[in-house]
Amino acid sequence: MWKGIGFSAEPFLSIEPLSTKEELEYFVDREEEITELSSCLVRDYPFNLLITGKAGIGKTTLVNKTLSNFPTSLRINLSQLEEHQAIMDRIVLEVAKFAKNLGIKEGKRIEEQLVYESRLIKGTAGNLSGGIPFLRGGIKKEKREEGVLRENLISRETLLEELLEKIMNKRGLLIMFLDDADHLPESLQTRILESCESVFVSKRCISIFASRKETGKLFVSDANSVYRARFIDFIELKDVIKRDPRSVEQILRPRFERVALDTYVYPFTTETNRFLSDICDGNIRELLRYASIIIGQAVRQNVPVLLQVEFAMAALASKNYLVGEIDEESYHVLNALKSKSMSASDTEFQTATSLARATLSNICNRLCEDGLLNKTINKKKVFYSVSPKGEHTLNMYETLRR
């Protein structure tokens, strides 16, 4: 059924979430950042590095693509972890698995140790033949409070130090990417760094963190924060889509061409590219999701290319990705008003559009101030809104204008 718009199959294998394989295969427009990160990682001394950029802009992809050239590197996913102890458990467990895969026997031993400890704390350990010597002083009762149990366990820092020393002796400096830590409070991230830093430094480990805060706004409440002071390098990822419709085509075209037939033409008009650029706000993940929905709708309705803005808006609105619809003519007018500069000599355009320009500008500014324009409400994009808030704003403007 994809032949109607020039495809042999669906052009997107995965939309949410993007798989690492796809992210690497279709990575775009980050050569400068890749070069910068690579130059940091060839250093032969330990340090902490922070990658910054909004959600979905490609922080994980940037690091994954770069680390593919560094065999002694490890990504640790900290998503869905909220407590310090659970995070330390995850870090040590992943490093133990990495060491085991390198043929380091301590890696296998410590991995088994951590699994048994976890079961013990949950009360499901059972009897293992021979036992594993991981407790200091032993445990007298089968069921104890988790906090009391953990007091008897060998510290995670000690285990991490042992593992990193073995890895360093066998393969050299380890690069560790602690991914999806940006959902954690800064205080907890600081505590993680404090727990690991002495081990990282002494055992020659580079650690990479990621944050959704912009570099210029990082920790503005405390410019000398303990957390920020622990990073000697920052790499900021800028938008790759926002305000540049050409980059939309640059990102989508490789995916389309992969399954293109002889009849294929790029399916979106320039205005549709601009529309996608506006609502995606620099987020590659959202662009791929929205483009997939629009293409899928075109296939189901047997709509030939080229796909216009009006069709794209209706397709997204039907899936509840837009709170409301906006007609194509108004969208074109809005873009013309936004891009056209006003001057005294431009009498004709000024006369024809001054009221419309002022009205649309006023409404948009008011909605932006209220956090409604091009924002997300209940996971739905609000691309425009003229009722009732917009009409009220317009009425206020007309009253003042008189």
| said: List the residue pairs whose Cβ atoms are under 7 Å apart, where the first residue sits in segment 296-323 and is modelled with pLDDT under 85, the second is in a helix (DSSP H, G or I) and of a type in the set (Ser, Thr, Tyr), and the two are 6 or more positions apart or on different chains. | reply: Val309/Thr272; Val309/Tyr331; Leu316/Tyr290; Tyr321/Tyr290
| What number of residues within segment 44-57 are among the hydrophobic types (A, V, I, L, M, F, W, C), at pLDDT 80 or above and within 20 Å of the chain's Cα centre (by Cα)? | 3
| Of all residues in segment 253-271 being modelled with pLDDT of 85 or more and within 24 Å of the chain's Cα centre (by Cα), which is surrounded by the most Cβ atoms within 10 Å (Cβ to Cβ)? | Phe256
| message | I need the full set of residues from segment 166-198 which are surrounded by fewer than 16 Cβ atoms within 10 Å (Cβ to Cβ) and either under 11 Å from Ala99 (Cα atoms) or in contact with a Leu (Cβ under 7 Å, 6 or more places away or on another chain) (or both), in order please. | response | Lys170, Arg171
| request: Go over the candidates Phe311, Phe275 one by one and state the one that is assigned to a helix (DSSP H, G or I), of a type in the set (Phe, Trp, Tyr) and closer than 20 Å to Trp2 by Cβ. | output: Phe311
| If you check Ile206 against the conditions, is it surrounded by 17 or more Cβ atoms within 10 Å (Cβ to Cβ), part of a strand (DSSP E or B) and modelled with pLDDT of 70 or more? | yes
| query | For segment 1-43, which residues satisfy the criterion of being part of a loop (DSSP other than H, G, I, E, B), out of contact with any Phe, Trp or Tyr (no Cβ under 8 Å at 6 or more places or on another chain) and at pLDDT 80 or above? | reply | Val42, Arg43
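The values are calculated or read from the model by the stated rules, or taken from the named source; none is laboratory data. Keep in mind the model is a prediction, meaning the values are calculated, not measured. Cβ atoms come from the backbone with ideal geometry, glycine included; neighbour counts cover every protein chain shown.
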